[in-house]
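Undergrad: Shown below is the structure under consideration.
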Amino acid sequence: MKRFWAIALTSSLAAVAGCHSFKKENVEPPTPLDKKFEPSIKVERLWKNSVGDGSAESGIRMRPAVVDNVVYAASTDGKLAAFDAASGKTLWSKSIRQHGWFGWGDAKREDARFSGGPGVTGDLLAVGTLDGHVYAMNAKDGERRWAAEVSSEVVTAPVIVGDLVVVRCNDGRIYGLDAKSGERRWVYDQSQVPLLSLRGNGRLLVANGVVFSGSDAGKLVAIRLDNGEKLWEQTLASGEGRTEIDRLNDADGAISLDGTTLYGGAYHGQIAAFDGPSGRPLWNHNFSTFTSLDVHGNGVYGADDTSQVFAFDKASGANIWKQDALKWRWVTGPAAQGDYLVVGDLDGHIHWLNSADGKIVARERLSKKAIRAQPVVSGDTVYVEDVEGHVGAYRVAH
């Protein structure tokens, strides 16, 4: 049965931003950027390229993957591409024709509504679709290896570990698929999935034989990688409130791992740390977010549901600093790039913050379109993708 989904906050508000109708829509306008801003560090754009129409109007957080000096990206209009990570040169690209109205039609034909971005390990690339399929390709040239059907749309990148491709679907199910054939090895079926949910899923985390996932019911769930059995779950948000909107409590950001400690957050919930092996809570702090966290040095970094960026002490959860200059700009989850944090916003700006004190130290612009997905850091370079499929690579100059 089809579920009902709340439109992603970042999608709807970015659309409102494009219409300049904040007052009419009763939406808070984004904090204006300081026109007199002077950067204190120099950031250089290494290259810019594009893949199809990006996520277009789907509301999906399309995120590139960076593996072995290659950047892989996909779009909801059926494009897959691989770029040289240093130069941005296109190494290969594929275009898969859509079929039917919104991809409905003969299941034996290929659908092309790629979503969430690709997952890549070695020479295997896997990507899900809005039509409930998972495709595996050769990462060297994009040639298809197999296709598998799952129970609903896939809006986050698959994770490839050993001989398994692990996939999260929007109906709460998590699949373990055979990496060579696509055959279903196991499925974890979430017991409670709310009828109303934000439009998004956090990336799966797989470590030490365990799959960690945030759920649409505000839970952090740990399941076995080999057979999909649940090991434990903990609460990130209780789902309390007078209305269905108030009770939205999705854990839509990626779960972060540092050593043996897990960090996660949820909408209308909290940021919390847990012991990975046992699930035992270590600390928690009231914090509502629908984006991913990042952990670097002694800090845990996140953006709340008003787009204020925070730093918390990873050992105790104590608040270190708050940056409110980007409030209501619907920033992405922060990504740590050396001593800095990188976030994108609703009109294509990319901001660098000093991780020690939260001060904004640099700003660039990829395009005039929203950036929804958390930037990807590989080595000393950060890769950013906007909703129209533009991909840019940036480095802090020394």
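Undergrad: Scan segment 335-386 residue by residue and report those that are open to solvent by less than 50 Å² (accessible area, probe 1.4 Å), acidic (Asp, Glu) and either without any contact (Cβ under 8 Å) to a residue 12 or more places away in the chain or out of contact with any Pro (no Cβ under 9 Å at 6 or more places or on another chain) (or both).
TA: Selection gives 386 alone.
Undergrad: Also, quick follow-up: Checking residue 131 against (1) of a type in the set (D, E, K, R); (2) over 21 Å from the mean Cα position of the chain (by Cα); (3) assigned to a loop (DSSP other than H, G, I, E, B): exactly one of these is not met. Which one?
TA: Every listed condition holds for residue 131 apart from (2).
Undergrad: Would you call residue 38 assigned to a loop (DSSP other than H, G, I, E, B), over 25 Å from residue 121 (Cβ atoms) and over 21 Å from the mean Cα position of the chain (by Cα)?
TA: yes
Undergrad: Same structure, new question: Only residues that are modelled with pLDDT under 85 and open to solvent by 60 Å² or more (accessible area, probe 1.4 Å): list them for segment 53-104, please.
TA: Of everything in segment 53-104, those that are modelled with pLDDT under 85 and open to solvent by 60 Å² or more (accessible area, probe 1.4 Å) turn out to be 97, 98, 101, 102, 104.
Undergrad: Could you list, in sequence order, all residues of segment 348-398 that are of a type in the set (Val, Ile, Thr) and in a loop (DSSP other than H, G, I, E, B)? Step through it out loud before you land on a result.
TA: Filtering segment 348-398 down to residues of a type in the set (Val, Ile, Thr) leaves 350, 360-361, 371, 376-377, 381-382, 384, 387, 391, 396.
Result: 371, 387.
Undergrad: Being under 20 Å from residue 61 (Cα atoms) and among the acidic types (Asp, Glu) is true for just one of 153, 143. Which residue is that?
TA: 153
Undergrad: Still on this structure, please answer the following. Give the residue that is farthest from residue 76 (Cα to Cα), with candidates limited to residues of segment 144-161 that are open to solvent by 20 Å² or more (accessible area, probe 1.4 Å), assigned to a loop (DSSP other than H, G, I, E, B) and without any contact (Cβ under 8 Å) to a residue 40 or more places away in the chain.
TA: 151
Undergrad: I would also like to ask the following. Which one of these is crowded, with 16+ Cβ neighbours inside 10 Å, at pLDDT below 95 and among the hydrophobic types (A, V, I, L, M, F, W, C): 311, 272, 325, 303?
TA: Testing whether each residue is crowded, with 16+ Cβ neighbours inside 10 Å, at pLDDT below 95 and among the hydrophobic types (A, V, I, L, M, F, W, C) leaves just 272.
Undergrad: Hey, can you tell me all the residues within segment 314-328 that are of a type outside the set (Gly, Ala, Ser) and within 26 Å of residue 380 (Cβ to Cβ)?
TA: 314, 320, 321, 323, 326 - these are the residues of segment 314-328 that are of a type outside the set (Gly, Ala, Ser) and within 26 Å of residue 380 (Cβ to Cβ).
The values are calculated or read from the model by the stated rules, or taken from the named source; none is laboratory data. From a predicted model like this one, the values you see are computed outputs, not experimental measurements. Note that we place each Cβ from the backbone using ideal geometry, even for glycine, and neighbour counts take in every protein chain shown. SASA here: full protein model, heavy atoms, side chains in, ligands and nucleic acids out. Shrake-Rupley method; radii C 1.70, N 1.55, O 1.52, S 1.80 Å.
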